[in-house]
Every structure is written in C-alpha cells, then in structure tokens.
Amino acid sequence: MQKEDPRPDLQEDSDLWVIILSVADFEEEELYERLKEFRLAGCRLAMNYERRNLAFNFGTETDEPARATIKQIAKEHKDHIKSLFKRVYKGVAKAEGKK
C-alpha cells in the first residue's frame, strides 16, 4: 500500500519519501517507523547521479539533536537502509532515464 509523505510541506523530495516509506512498510515495519520519524524531524533525501546513490540530506528543518539521533538510528539499520536506498535509486534513475 502506498504511504503518504508525513511532511508534504517539504515538497522538494516528497516523491522520494513516498517511495521509500511505501517499500519500507512492505518489507519491515520497524524500519518504516524509524524512517517516518526521520522525515517528521525534517530529514531530506537527495539523489546523486554522479555518485549513483540516494542519501539522507539534512536541511535547516532538522535541528542538531535530531540529526544526531537520526545518524545513530541509521547506523543500527545500516545494511537495510543501504539496500533499500540502492534499489530505490536504481528504479528512480531508470524511470528518469539516468544511469
């Protein structure tokens, strides 16, 4: 089931968050909940076509304590997040005609 972006006010990367949250919810509820918390804290996503990856990108909406918490939790789920981001990057890049 497709999830909604819990921060639609952050429109720049909203489509990426919908994809990430939808896939995470399908695969692992705990990871979905953590990623949703990241987004609620203002965490952004960025596609980097030169490096061929998708990564967290902290905007001004994410304060320093939230950044530290997100980084710590992300370390705990490192392998799953890396795998999820890699798959989403490939799908989005392909849909956009990028490598």
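Where a number appears in this text, it was derived from the coordinates with a stated rule and is not lab data. This is a predicted model, so every value here is computed, not measured. Every residue, glycine among them, receives a Cβ derived from its backbone with ideal geometry; neighbour counts consider all protein chains shown.
Can you go through R51, R67 and tell me which one is over 13 Å from the mean Cα position of the chain (by Cα) and assigned to a helix (DSSP H, G or I)? Matching residue, one of R51, R67: R67. All told, A68 falls short of being of a type in the set (G, A, S) and within 27 Å of K94 (Cβ to Cβ).
The residue of segment 1-48 that is nearest to K82 (Cα to Cα), among those that are of a type in the set (D, E, K, R) and not in a helix (DSSP H, G or I), is E28. In summary, W17 fulfils each of the numbered conditions (1) closer than 16 Å to K78 by Cβ; (2) in contact with a strand residue (DSSP E or B) (Cβ under 9 Å, 6 or more places away or on another chain) with the single exception of condition (1). All conditions but one from (1) surrounded by 12 or more Cβ atoms within 10 Å (Cβ to Cβ); (2) under 18 Å from A24 (Cα atoms) apply to D79; the one that does not is (1).
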